[in-house]
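Novice: The structure under discussion is supplied below as structure tokens; questions concerning it will follow.
The values are calculated or read from the model by the stated rules, or taken from the named source; none is laboratory data. Computed from a predicted structure; not experimentally measured. Using ideal geometry, Cβ is built from the backbone for each residue, glycine included, and neighbour counts are taken over all protein chains shown. What goes into the accessible areas is simple: the full protein's heavy atoms, side chains included, and nothing from ligands, DNA or RNA. Shrake-Rupley method; radii C 1.70, N 1.55, O 1.52, S 1.80 Å.
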Amino acid sequence: MTNQQPKNAPDKAANAMWGGRFAAGPAAIMERINASIDVDRRLYTQDIAASRAHAAMLVATGIITAEDGDAIDRGLETILGEIDAGQFKFSAALEDIHMNVEARLRELIGPAAGRLHTARSRNDQVATDFRLWVRDAIDQVDAGLAELQAALLDTAEAEADTVMPGYTHLQAAQPVTFGHHLLAYVEMIGRDRGRFADCRARLNESPLGAAALAGTSFPIDRSMTARALGFERPMANSIDAVSDRDFALEFLAAGSILAVHLSRFAEELVLWCAEGFHFVHLSDAFTTGSSIMPQKKNPDAAELVRGKAGRVIGGLNTLLIVMKGLPLTYGKDMQEDKEPVFDAFDTLALSIAATAGMVRDLEANREAMRAATAKGFLTATDLADWLVRVLGLPFRDAHHVTGTLVARAEDQGVDLADLPLDAMQAVEPRITQDIYSVLTVERSVSSRSAFGGTAPENVRAAVKAARERWA
């Protein structure tokens, strides 16, 4: 009985990270719900980089010795190599990436490892790591979006003269060029890149040194660690530094808008591949077959991009709900911040790559697009514009005359360009033979030469300008 541990003796192994406050270890279910290592292990590169910067600052300010600082730096470099090589053993009992790294550091260099946590807390540590990770993620997303824009621009240039119906309400409205249509997505993706850039600029401040919430009494140099980690400056308020997750919300908000843009383009690809359109063809690389219907060729890559938007939008909703009721500063609820961001990034990276791949892969069916412009009286607006420009009619009167002519053409089963002149003059006697010069779809698109219009020469100029703008 002399070797039996007293009933209330502290379980030192179980509570190594918490110090002497607790007399017993956590319940198994508590360990499971408390551990985040399966998620935040992705922060290891950022965690080690921030720790090395912190240790160097502690040495520079005389808070720890150069000898201890060198040992810490060498140990952290070893751990980075172990994780990169897949040789590191992560432990759920150590909760998170920070304690896993610190425990291994102690195994490597002994008590000096304990000096690394001087003048910081896991609160400012994880906030720093997470900002660094999101910053890296934004850079990767931006590179993918640049490639997607390049794919769209190349295809738009190749299809600058390709005529197709433009739609409102999914009804054929006016003729446009396929190149012009694709350039709309270049603009949308450009705004997405701008939103991510804004997010990156705002997040690029360092929480490190804010400690748990109140700052530290040690004479640290927060500007030194901020510079070492590529931040613009330290965050100005220690409470805000550890409690803020706006940067994660902004990333998810920008990602959600991007996901909607990708989904809209994916939906158009699905339509363009479908019976009744056949505007584009996707190769076997981005389509699948049916398990029962051998004739099927399904645009599954586009459908999956469309579907995955829900995951990104759901991630934004998740984190908004996590944060909405939290008083300052830190609550363990905030441990739930990383999973939706990580998942959103993975989803966006895959969706961006798939979309760029489909753009590179698609083959425009120019004949089908041109044939579709023969339906729906797409040059009706051109007719109305001619009545205003040549006859001087007020546009509302021209609109009424044109509507009447469309109804007569529909009754006769012909297009406007095939409606006899005498039938037109029965509605508006001043109409002349010249009206037919504006009723071809080619003339229609070429006439839309005002800035931002669909004319082929506009498309080529817009492609050149976009390449310069997004270089």
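Novice: For the stretch 335-410, what does the alpha-carbon gyration tensor say about shape, rounded, prolate or oblate, given a ≥ b ≥ c as the root eigenvalues, a/c under 1.5 as rounded, and a/b over b/c as prolate? Don't skip to the answer; put the middle values down first.
Specialist: Numbers: a/c = 4.52, a/b = 2.42, b/c = 1.86.
Since a/c reaches 1.5 and a/b is larger than b/c, the shape of the stretch 335-410 is classed as prolate.
Novice: Pairing the Cα long axis of helix 380-391 with the longest principal axis of the chain, what angle in degrees results, from 0 to 90 and rounded to the nearest 10?
Specialist: So the helix axis and the longest Cα principal axis differ by about 60 degrees.
Novice: Now for a separate question. Please state the shape class of the stretch 362-451: rounded when a/c is under 1.5, otherwise prolate if a/b exceeds b/c and oblate if not, all from the C-alpha gyration tensor. Intermediate values should be presented prior to the final figure.
Specialist: Details: a/c = 2.29, a/b = 1.46, b/c = 1.57.
Oblate, since a/c reaches 1.5 and b/c is not below a/b.
Novice: Also: The stretch 29-82: which trypsin sites (Lys or Arg not before Pro) are DSSP loop and have at most 10 other beta-carbon atoms within 10 angstrom?
Specialist: Details: sites: 32, 41, 42, 52, 74; in loops: none.
Those that pass, being in a loop and sparsely packed, number zero.
Novice: If we restrict to alpha carbons, what Rg and Dmax does the stretch 201-243 come to, in Å?
Specialist: Rg then Dmax for the stretch 201-243, in Å: 9.7, 29.
Novice: Another question, if that's okay. Bins of 10 Å, beginning at zero and ending with the bin holding the largest distance: percent of Cα pairs per bin for the chain, please.
Specialist: Calculated P(r), rounded to whole percents: 4, 16, 20, 17, 14, 11, 8, 5, 3, 1, 0, 0.
Novice: Quick check: convex hull over the Cα atoms of the stretch 110-219, volume per residue in Å³, rounded to an integer?
Specialist: Working: hull volume 16.4 nm³, N = 110.
Dividing the Cα hull volume of the stretch 110-219 by its residue count gives 149 Å³.
Novice: Can you tell me what percent of all Cα-Cα pairs in the stretch 198-352 are more than 24 Å apart? Mind dumping the intermediate values first?
Specialist: Numbers: 6142 of 11935 pairs.
When all Cα pairs of the stretch 198-352 are counted, 51 percent exceed 24 Å.
Novice: Quick one: Karplus J couplings for the stretch 109-115, per residue in order, coefficients 6.51, -1.76, 1.60, θ = phi - 60°, nearest Hz, x for Gly and Pro?
Specialist: 10, x, x, 4, 4, x, 6
Novice: At a 1.4 Å probe radius, carbon and sulfur cover how many percent of the accessible area of the stretch 187-241? Walk me through the intermediate numbers first.
Specialist: Details: 1330 of 2640 Å².
On the stretch 187-241, the fraction of accessible area on carbon and sulfur atoms equals 50 percent.
Novice: Turning to a different aspect of this structure: Given bins 10 angstrom wide, list per bin the percent of all Cα-Cα distances in the stretch 174-214, short to long.
Specialist: 23, 24, 21, 15, 9, 6, 1
Novice: Could you give me the ³J(HN,Hα) list for the stretch 68-81, computed from phi with Karplus coefficients 6.51, -1.76, 1.60 and θ = phi - 60°, whole Hz, x at Gly and Pro?
Specialist: 5, x, 5, 5, 4, 5, 5, x, 5, 5, 4, 4, 4, x
Novice: Please arrange 436, 330 by accessible surface area, largest first, computed with a 1.4 Å probe and ligands excluded.
Specialist: The ranking, largest first, comes out as 330, 436.
Novice: Just to check I understand the Karplus step: with θ = phi - 60° and J = 6.51 cos²θ - 1.76 cosθ + 1.60, what whole-Hz values come out for the stretch 338-345, glycine and proline as x?
Specialist: Listing the rounded values in order: 7, 4, x, 5, 4, 5, 4, 4 Hz.
Novice: Which cross-chain or sequence-distant (5 or more) residues have an amide H under 5 Å from the amide H of residue 280, H modelled 1.01 Å from N in plane?
Specialist: 273, 365
Novice: What does the accessible area per residue of the chain come to in Å², with a 1.4 Å probe and no ligands, DNA or RNA counted?
Specialist: On the way: 22880 Å² over 471 residues.
Computed with neighbouring chains in place, this is 49 Å² per residue.
Novice: Keeping every protein chain in place, order 90, 451, 196 by accessible area at 1.4 Å, biggest value first, i.e. largest first.
Specialist: Largest accessible area first, the residues go 451, 90, 196.
Novice: Subtracting the Cα-Cα distance from 0.36 nm times the residue separation, let me have the gained length for residue 320 to residue 233 in nm, one decimal.
Specialist: Working: separation 87, 0.36 × 87 = 31.32 nm, distance 2.65 nm.
Fully extending the segment from residue 320 to residue 233 adds 28.7 nm.
Novice: Compute the helix-to-body angle for 122-158: its Cα long axis versus the longest principal axis of the chain, expressed 0 to 90° and rounded to tens.
Specialist: Helix 122-158 and the main axis of the chain meet at about 20 degrees.
Novice: Once a ≥ b ≥ c are taken as the square roots of the eigenvalues of the Cα gyration tensor of the stretch 44-135, is the result rounded (a/c under 1.5), prolate (a/b larger than b/c) or oblate (a/b not larger than b/c)? Please list the in-between numbers first.
Specialist: On the way: a/c = 1.59, a/b = 1.20, b/c = 1.33.
In terms of gyration-tensor shape, oblate.
Novice: Using a 1.4 angstrom probe and counting only protein chains, how large is the accessible area of residue 393 in Å², to 10?
Specialist: Using a 1.4 Å probe on the heavy atoms, I get roughly 20 Å².
Novice: Right, next: Over all directions, how big on average is the projection of the convex hull of the alpha-carbon atoms in the stretch 361-403, in square nanometres?
Specialist: Here the figure is 4.2 nm², rounded to one decimal.
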